[in-house]
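None of the figures in this text is laboratory data; all of them are computed from the coordinates on show. Keep in mind it's a predicted model, so treat the numbers as computed, not measured. Note: ideal-geometry Cβ built from the backbone for every residue, glycine included; neighbour counts use all protein chains shown.
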Amino acid sequence: MTNKNEKKRSITGKRLMRWAGIFAILAGILYIGIQFFHPVEHISSVSTNLWVVIACTTSMMSLFSLIGMTGVYTSQVKEAGWLGLIGFILFSLFWLISMIFSFNEAFVLPLLTTDAPKFVEGLVGIFGGTKSTVNLGIFPTLAPIAAILYSLGGLLFGIATFRARIFPRIAGAFLSFAAVITFAAAVIPHPIDRILAVPMGLAFIWLGYALWSDRRRIGTD
């Protein structure tokens with residue numbers, strides 16, 4: 001009886017990991033797709049259906065990323081060590097902040113385009129480099145913090161994944177590369193710099209597929 005219960009728990013855990021892999025794949029696909037359809041960060045775009053759809057999709061993608069990367073981390077929690085834990089926490093915090101921004105973009109900003117246009121202009125212009133003429137509260141502070149969490153968290157998590165040898169080592173290295181390459185946004189004008197998100201999307205798809213197909217321990221050879 002005990003063996004049967006243990007087997008059921010094992011199967012359930014495996015299924016959860018496979019689902020986490022699917023979420024990581026979906027997050028990667030959505031992350032890439034969003035970059036090619038995202039409207040211009042201007043107040044005239046905020047009240048359009050496309051803006052709301054993209055913002056909702058971004059929020060959903062951030063949630064999928066959290067689930068997917070949690071599955072990746074859980075699969076290598078012992079092997080990844082403290083470096084993996086720190087990287088996972090930092091990386092996860094970025095996706096939480098991303099959800100905060102996208103939620104506001106989808107459900108708050110469209111309601112303020114008439115009553116508080118300056119606030120809307122300032123908030124949507126944060127990532128485009130536009131300086132606001134009004135007080136935006138904590139949002140201008142959250143933006144650079146989010147950028148650090150994304151780059152540093154992704155870098156550390158990728159290194160830990162590379163060293164853990166649970167997933168394909170090159171996938172972990174590619175995750176680190178995808179996180180670091182975002183620094184090129186300093187010299188690439190917006191919105192062309194959106195192309196820098198593509199490597200991260202591919203890294204998510206790669207790790208998600210390895211998790212879903214249970215093709216792990218590849219890096220031990």
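List Asp115, Asp214 from most exposed to least, where exposure is judged by having the fewest other Cβ atoms within 10 Å. Walk me through the numbers before you get to the answer.
Numbers: Asp115 8, Asp214 12.
Going from least to most buried by this count: Asp115, Asp214.
Taking 0.36 nm per residue of sequence separation and removing the Cα-Cα distance, the Ala116/Val134 pair yields an extension gain of 5.5 nm. The orientation-averaged projected area of the convex hull spanned by the Cα atoms of region 38-153 comes to 7.3 nm². Taken as entire DSSP H runs, the helices of the chain that both span 18 Å or more between Cα atoms along their own long axis and average -1.0 or more on the Kyte-Doolittle scale are 2-37, 49-75, 77-107, 139-164, 198-212.
Which residue, Gly122, Gly81, Gly153, has the most motion in a Gaussian network model of the chain that connects Cα atoms within less than 10 Å? For the chain, modelled as a Gaussian network with Cα springs under 10 Å, the answer is Gly81.
Take the Cα of Leu16, step 7 Å toward its Cβ, do the same at Ile192, and the gap between the two points is 4.6 nm. A full extension of the chain between Phe37 and Leu83 corresponds to an added length of 13.0 nm, given 0.36 nm per residue minus the alpha carbon distance.
The helix-based estimate of mean residue ellipticity at 222 nm for the chain, built from -39,500 (n - 2.57) per DSSP H run of four or more residues and divided by its residue count, is -25000 deg cm²/dmol to the nearest 500. Within 13 Å, Cβ to Cβ, of Thr113, how many net charges do the neighbouring residues add up to if Lys/Arg are +1 and Asp/Glu are -1? Around Thr113, the surrounding residues sum to -2.
For Cα pairs less than 8 Å apart in space and 6+ apart in sequence, what is the mean separation divided by the residue count of the chain, i.e. the relative contact order in percent?
Working: 347 pairs, mean separation 63.9, N = 221.
Answer for the chain is 29 percent.
Considering only Gly208, Gly137, Gly68, the Gaussian network model of the chain with Cα springs below 10 Å gives its largest mean-square fluctuation to Gly137. Prolate is the label for the chain. Its Cα gyration tensor axes, ordered a ≥ b ≥ c, give a/c of at least 1.5 and a/b above b/c.
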